[in-house]
Amino acid sequence: MQIESRRFEGAAVSEPADVPVFLAAGLQAQGEFRCAECGYGVIVRTELPQCPMCRGLAWEGPADGPFAPLSA
């Protein structure tokens, strides 16, 4: 299993490459994310919002692919 490192708000996170990334609303992020509670999808360029459909605060980002979160 390949391990990769990503950065969000200056904190490095190491995890298996095929495990989804979960982030909280309010964090700086870029890419496509899905609400962990209802599955609603958003594309963000600055900060993860509160889910407009269910008011959820947790977002799941793809582990890889064209919409994976940017790493620093």
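So that you can scan it fast, the table gives a plain yes or no per residue for (1) at pLDDT 95 or above; (2) of a type in the set (Gly, Ala, Ser); (3) surrounded by 11 or more Cβ atoms within 10 Å (Cβ to Cβ):
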| residue | (1), (2), (3) |
| --- | --- |
| GLU4 | no, no, yes |
| ARG7 | no, no, yes |
| PRO16 | no, no, no |
| PHE22 | no, no, yes |
| ALA29 | no, yes, yes |
| THR46 | no, no, no |
| ALA63 | no, yes, yes |
| ALA72 | no, yes, no |
- Test ARG55 against the stated conditions and say whether it is at pLDDT 60 or above, more than 13 Å from the chain's Cα centre (by Cα) and either exposed (fewer than 12 other Cβ atoms within 10 Å of the Cβ) or acidic (Asp, Glu) (or both). yes
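The values are calculated or read from the model by the stated rules, or taken from the named source; none is laboratory data. Since we're looking at a predicted model, the values are computed, not measured. In this analysis, Cβ positions are derived from the backbone assuming ideal geometry, glycine residues included, and neighbour counts consider all displayed protein chains.
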